[in-house]
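A short write-up of the structure that comes next.
The values are calculated or read from the model by the stated rules, or taken from the named source; none is laboratory data. Please read these numbers as outputs of a predicted model, since none were measured by experiment. All Cβ positions, glycine included, derive from the backbone under ideal geometry; neighbour counts span all protein chains shown.
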Amino acid sequence: VAADDAAPATRPAGYAFARGALDRAAELRADAARLAELAVAPGSRLLPVRADGRILVDTGRGQLAAQPATNVDADVTFLGLQGADAWFARSVPADTPTPDPTLRWLDLRGAAATLPADEAATAAYARALLHWQSRKRWCGVCGAPTRLGEAGHRAQCTDAACGAQYFPRTDPAIIVVVDDGAGRILLGRQPSWPEKRYSTLAGFVEPGETLEDAVRREVAEESGVRVGPVEYLASQPWPFPASLMLGFHGRAVGGELVVGSELADARWFDGAALPELIASGELTLPPALSISFHLVDHWFQRRYGRHLQPGPVFATR
Ligand SMILES: [Zn+2]
């Protein structure tokens with residue numbers, strides 16, 4: 001994952017899936033004639049996405065193994081334009097073999113570690129959209145089958161009397177670096193994580209809740225700590241399978257530290273001690289692909305003028 005030199009120094013940056021290069025060209029989704037032209041244009045590409053979420057990657061070249069878009073038909077999903085070239089995506093069965101020994105089916109974390117940032121973002125976009133399609137085959141109102149429209153960006157109930165429409169959904173989740181204003185940072189660890197791995201607290205936004213309230217509720221539930229001022233910092237698409245991580249800084253204003261039922265541990269860490277704890281193996285931070293590492297690193301960098309060491313990638317879901 002490359003560092004993001006172009007981003008303002010005051011924002012976390014450099015995490016995966018966040019620097020897409022495609023123009024989504026939403027106005028073309030209903031333009032069947034134009035899409036048919038693009039489908040046979042020489043620069044157009046078709047990205048296969050396996051039903052298990054894996055993406056075809058040319059690991060030698062470190063590129064998406066998108067194919068010439070020769071078989072584009074009415075069922076294909078239009079992702080957008082890169083310059084004049086169209087990108088399409090299609091779901092293929094989970095047991096689809098590797099078509100060529102130089103190619104590999106990688107999960108998104110593996111793809112993020114292999115691909116340039118813009119291609120990792122394209123992969124995440126395609127995977128999230130096709131996952132939504134796979135979960136929206138029947139109407140939630142009347143139970144009839146749905147049909148995809150808008151080049152894969154809408155599902156429509158096939159029962160004319162019902163006619164319900166569905167659009168791709170994204171589930172907002174907050175993720176927050178909490179400090180106490182005196183140089184300490186609050187980190188927690190989930191029971192499934194490797195020992196000594198700690199990260200920022202996170203959780204889904206609930207219906208009828210503001211993002212700021214979600215930050216305060218999640219931190220209170222998971223740690224007992226009361227958060228006052230909340231500052232939005234940055235966001236990351238997190239297609240495992242459909243989240244959008246909204247990154248915040250929160251300032252603790254009270255509350256006794258009590259580890260909530262979702263966590264194995266939550267602790268205050270002295271910021272100045274973080275490099276030493278990481279170097280000695282007493283603390284492992286999240287990997288560089290996640291915004292969680294960059295929230296911690298951004299907090300640290302603002303105070304100490306240098307960066308922290310990210311942890312290794314491992315699969316949780
Ligand atoms: Zn229906």
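Of note:
- Looking at 233, 263, 295, 246, just one residue is within 25 Å of the chain's Cα centre (by Cα) and in a loop (DSSP other than H, G, I, E, B), and that residue is 263.
- Here residue 233 passes the criteria (1) in contact with a Ser or Thr (Cβ under 8 Å, 6 or more places away or on another chain); (2) on the phi < 0 side of the Ramachandran plot except the one numbered (1).
- Within region 21-65, restricting attention to residues that are part of a helix (DSSP H, G or I) and at pLDDT 95 or above, the residue that is nearest to residue 122 (Cα to Cα) is 26.
- Condition check for residue 273: without any contact (Cβ under 8 Å) to a residue 24 or more places away in the chain, more than 27 Å from residue 20 (Cβ to Cβ) and of a type in the set (A, V, I, L, M): yes
- In the condition set (1) in contact (Cβ under 8 Å) with a residue 40 or more places away in the chain; (2) in a loop (DSSP other than H, G, I, E, B); (3) over 16 Å from the mean Cα position of the chain (by Cα), residue 241 is compliant with all but (3).
- Pairing each residue of region 133-156 that is closer than 23 Å to residue 93 by Cβ with any residue that is in a loop (DSSP other than H, G, I, E, B) and near the ligand (Cβ under 8 Å from one of its atoms), provided the two are 6+ apart or on different chains, yields C-beta distances under 8 Å for 138/144; 145/139; 145/158; 146/139; 146/158; 147/158.
- Within region 157-193, tally of residues that are touching a residue at least 40 places away in the same chain (Cβ under 8 Å) and in contact with a strand residue (DSSP E or B) (Cβ under 7 Å, 6 or more places away or on another chain): 19
- Of all residue pairs spaced 6 or more apart or on separate chains, those with beta-carbon atoms under 9 Å, a first member in region 37-51 that is basic (Lys, Arg) and a second member that is assigned to a loop (DSSP other than H, G, I, E, B) are 45/66; 45/69; 50/93; 50/94; 50/95; 50/96.
- Within region 109-189, strands (runs of 3 or more DSSP E) holding 2 or more residues that are away from the ligand (no atom under 16 Å from the Cβ) and at pLDDT 95 or above: 171-179, 184-189
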